[in-house]
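Report on one structure; see the data block that follows.
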Amino acid sequence: MKTSHPTPSHLTTHRAFRRPIGSVAGPSSTASALTNVSATDAAARVISETAHDLRSPLTSVRESIQLIHNGDLGSINEDQRSYLSAAIDQCNCIDQMVGEMVQLERLRTGAPRALRGWTPVANIRRQVDDAIRSWAVPRGIDVLWDSADNDDAAIFADEAMMRRLVVNLATNAIRASREGSSVLIRLMRTESDEMIQWSVIDQGSGISERDIYRIADRQVSFDGGEGLGLSICRQLSAVHFSSLHIRSRLGEGTEVSFSTPAMGPRSVAGAWSRWRVAARVAERGPLQKPGHRRLPQTSATARTLAATEKRVRLDPPSIAIEITSETAKPRCEDRIAAGVVTLGAAVSRENADAFDRLLQTQMQLFELAYRTDTRRWVWVFDVDAHGVDNRIAMINDAATNQIGGVRMAWTPPQMIPVDERRTESRLSDLMVRESLAASKSSTVTDHNEVRLGSSPLVHSDAAAARLDAELRRLSNQMRGQTSRLRQQARNLRPLN
């Protein structure tokens, strides 16, 4: 697939709500932006509230079509079956969108109820392929994957939300693409090798500079409509500690990317800390624009400027923006509370898994629960020192009511400042230390059980050959020892 890469001089990067240098947002434009944002927020709330009512009739329609498709109401020919299959696929697509609408308000208010854990990339890829087939096939669009060796990797994510995020971006790319073209989903390791960057690239018409800043201001979505689809994507990326990066060139296509942790507790701590620090920077206000420096108007400079004004640019510049979740804000701006919770040894694996689901769903947007062992978690709360006891009491009460018979031990909290230097180092130290302690103290009782975040056990011919050779050596050694013991026993027998 041919993908254009702009030269550095043509690439300009802007954070959300930041306008090009030299442009000034007057009262009318600011009021217009606020009106559009308010309208989008109101529309999102209305759709979220009514989405539950849409599901019942949609389910009835889909089940009725399914009965006809299966021949329960009489025989049908192949053409009719094909049309009914297409109708069922479209019902499934609508059901997916309704599900997104139901969750939109929950994401926007900072209560995502995410179930994050180590998820194989291959699982997400398979689910995405199944979900977007009904969008891509009718238009003859090939969805290509460039994942290199990353299919065998695992990422720290909510599998359902991750699938939804990639599907949303891919369907946006499919709608923007010409019939018969291709859409590329690329997975690439970052320089530190701790993160995987997901990019969805299309060959559509691209986004103009004017529209891309309107996207940053949440006035429009990728396809020029209201920004509900984009709002869902930006919230889902925030659940995975990432912002959305959009790069586009008018007439050539668009690339949308985000990142996920992919290398153990250190990568999770780093991604969460950087994302949390960025949220604090955004909370303090918009970035300051750099001042202009006027060059002295010498004759040489004047000639250079005159020549520049006469030069005609034949290719439009690439524009890049970064957009983040702008609805929910951290409750405690300058610090977080972190610690460890451990379940009693008598708690069953089933109850431990139930507690994991409960703990994960209790986490707010700017909080984190990381499972280091079967019965141990590192937690991060978005509260000050006075609010930790209340959060722990709420989780204890929920565990008692929903699970019962669960004994929990909470360590005293560490209060960690939110800044670029201390947040990542201290949280990473805590999570790595607890993961190492768990791996040393845990007892593997099942041959298929491995430490969380590690690769599954697979058969190895080389290891099997070494094991067979070692068993033969031990068998020969045992036979030799048996022969010597028998000889010694005969020598010790008394003579008649």
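Computed from label points 7 Å out along Cα-Cβ, the spacing between Gln90 and Asp142 is 2.8 nm.
What trypsin sites (Lys or Arg not before Pro) in the stretch 153-198 are in a loop by DSSP, with at most 16 other Cβ atoms within 10 Å of the Cβ? The partial results should precede the final answer.
On the way: sites: Arg163, Arg164, Arg175, Arg178, Arg186, Arg189; in loops: Arg178.
Qualifying residues, ordered by number: Arg178.
Taken one residue at a time, the phi angles of the stretch 162-178 give Karplus couplings (6.51, -1.76, 1.60, θ = phi - 60°) of 5, 4, 5, 5, 5, 5, 4, 5, 5, 5, 4, 5, 5, 5, 7, 8, 6 Hz. Gly and Pro are set to x. Modelled this way, with points 7 Å down the Cα-to-C-beta line, the labels at Ile403 and Arg479 are 5.4 nm from one another.
Annotation: peptides 245-256, 417-428, 387-398, ranked by per-residue average of other Cβ atoms within 10 Å with the highest first, follow the order 245-256, 417-428, 387-398. Annotation note: GluC sites (Glu not before Pro) in the stretch 126-207 located in DSSP loop regions with a Cβ neighbour count of at most 14 within 10 Å are Glu179, Glu191. Among Glu434, Glu63, the order by Cβ neighbours within 10 angstrom, fewest to most, reads Glu63, Glu434.
Length gained on full extension, Met394 to Thr411, computed as 0.36 nm times the residue gap minus the Cα-Cα distance: 4.5 nm. Once backbone amide H atoms are built at 1.01 Å from N, Ser243 has Ser259 as its partners under 5 Å, excluding neighbours fewer than 5 places away on the same chain. Taking amide hydrogens as placed 1.01 Å from N in the peptide plane, the amide H of Ile336 sits under 5 Å from those of Ile416, Val418, each at least 5 positions away in sequence or on another chain.
Counted residue by residue at 0.36 nm each, then reduced by the alpha carbon distance between them, the extension gain from Asp461 to Ser75 reaches 133.7 nm. Between Met188 and Arg486, the C-beta separation translates, for a Förster distance of 60 Å, into a calculated FRET efficiency of about 0.35. Shape class for the stretch 125-167: oblate, because the ratio a/c of the largest to smallest gyration tensor axis (alpha-carbon atoms, square roots of eigenvalues) is 1.5 or more and b/c is at least a/b. Classify the stretch 330-485: rounded, prolate or oblate, from the alpha-carbon gyration tensor (a ≥ b ≥ c, eigenvalue square roots; a/c under 1.5 rounded; otherwise prolate if a/b is larger than b/c)? Prolate is the answer for the stretch 330-485, as a/c is 1.5 or above and a/b outweighs b/c. Rounded to the nearest 0.05, the FRET efficiency derived from the C-beta distance between Arg106 and Arg331 at R0 = 22 Å is 0.85.
A short reminder: the numbers here are calculations on the coordinates, not readings from a lab. Please read all numbers here as calculations on a predicted model, not as lab measurements. Positions of Cβ are generated from backbone atoms using ideal geometry, with glycine treated the same way; all protein chains shown enter the neighbour counts.
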